[in-house]
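Engineer: Once you've had a glance at the structure underneath, I'll fire off some questions.
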Amino acid sequence: MKFKLKIKIIGNKASVFLLDKERNIISKSVWTDERNLSEKLLKKIDLMLGKNKLAIKDIEKVDFECDSPYFESRGGNISLEDDLSSKNKCGFTSWQIGEITAKVLNLASKSF
C-alpha cells in the first residue's frame, strides 16, 4: 500500500500529515515554526515515517500547501506593485523550504 504525505504551512504553524489512499489522516505532526523549518521539517517527516514503520519508498506523493502570498501568486508574473503582504502568513523562506522538500521527496520516492 502506498501512502501520501502532506506538508502544510499556515502562518507560523507547520504540519505534516501521513495519509492513506482515501486521504484519511493516519498520523500528523503540528508545531510552531520558530524560523527553524530547515532544521525540523525533514526530522519531523523521518520521525513520522519511522513511527509508522514506513520508508520514503512507501510514499507515493508529497503534496505541499502554504498561505504565502508568493506561493498563491506564483501562477503569474509578480510585479513590484503587487500587494504581497505576508503579515500573519507563511514567509518566502518557509514557502521555499516546504516546496523544495516536497519536490525532492517526490523525486526520491520515484527512484525506488
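The values are calculated or read from the model by the stated rules, or taken from the named source; none is laboratory data. Just so it is clear, the structure is predicted and the values come from calculations on it, not from any experiment. Because the Cβ atoms are built from the backbone with ideal geometry, glycine has one as well, and the counts that use them run over all protein chains shown. Accessible surface areas use protein heavy atoms only, side chains included; no ligands, DNA or RNA. Shrake-Rupley method; radii C 1.70, N 1.55, O 1.52, S 1.80 Å.
Engineer: Restricting attention to the stretch 1-57, and to residues there that are part of a helix (DSSP H, G or I) and in contact with a Leu (Cβ under 7 Å, 6 or more places away or on another chain), which single residue is nearest to residue 95 (Cα to Cα)? First the steps, then the outcome.
Structural biologist: Keep residues of the stretch 1-57 that are part of a helix (DSSP H, G or I), which gives 37-51, 56-57.
Add one more test, that the residue is in contact with a Leu (Cβ under 7 Å, 6 or more places away or on another chain), and what stays is 45, 48, 56.
Details: 45: 17, 48: 21, 56: 22 Å.
Among those residues, the one meeting the criterion is 45.
Each row is one residue, and each column tells you yes or no for (1) over 24 Å from residue 111 (Cα atoms); (2) at pLDDT 95 or above; (3) open to solvent by less than 50 Å² (accessible area, probe 1.4 Å); (4) acidic (Asp, Glu).
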site	(1), (2), (3), (4)
33	yes, no, yes, yes
48	no, yes, yes, no
56	no, no, yes, no
88	yes, no, no, no
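Engineer: Hey, another quick one. I'd like the full set of residues that are open to solvent by 20 Å² or more (accessible area, probe 1.4 Å) and either closer than 18 Å to residue 99 by Cα or free of Cβ contacts under 8 Å to residues at least 12 places away in the same chain (or both), limited to the stretch 12-30.
Structural biologist: 12, 13, 17, 22, 24, 25, 29, 30
Engineer: On the given criteria, is residue 79 exposed (fewer than 13 other Cβ atoms within 10 Å of the Cβ), small (Gly, Ala, Ser) and either in contact with a Ser or Thr (Cβ under 7 Å, 6 or more places away or on another chain) or modelled with pLDDT under 95 (or both)?
Structural biologist: For residue 79, the condition - exposed (fewer than 13 other Cβ atoms within 10 Å of the Cβ), small (Gly, Ala, Ser) and either in contact with a Ser or Thr (Cβ under 7 Å, 6 or more places away or on another chain) or modelled with pLDDT under 95 (or both) - is met.
Engineer: Let me ask another. If the requirement is being closer than 13 Å to residue 99 by Cα, of a type outside the set (Phe, Trp, Tyr), open to solvent by 60 Å² or more (accessible area, probe 1.4 Å) and modelled with pLDDT of 95 or more, which of these qualifies: 42, 5?
Structural biologist: Residue meeting the stated conditions: 42.
Engineer: Examine the stretch 64-74 for a residue that is part of a loop (DSSP other than H, G, I, E, B), modelled with pLDDT under 85 and buried (at least 17 other Cβ atoms within 10 Å of the Cβ), and state whether such a residue exists.
Structural biologist: Within the stretch 64-74 (the criterion being part of a loop (DSSP other than H, G, I, E, B), modelled with pLDDT under 85 and buried (at least 17 other Cβ atoms within 10 Å of the Cβ)), the answer is yes, since at least one residue qualifies.
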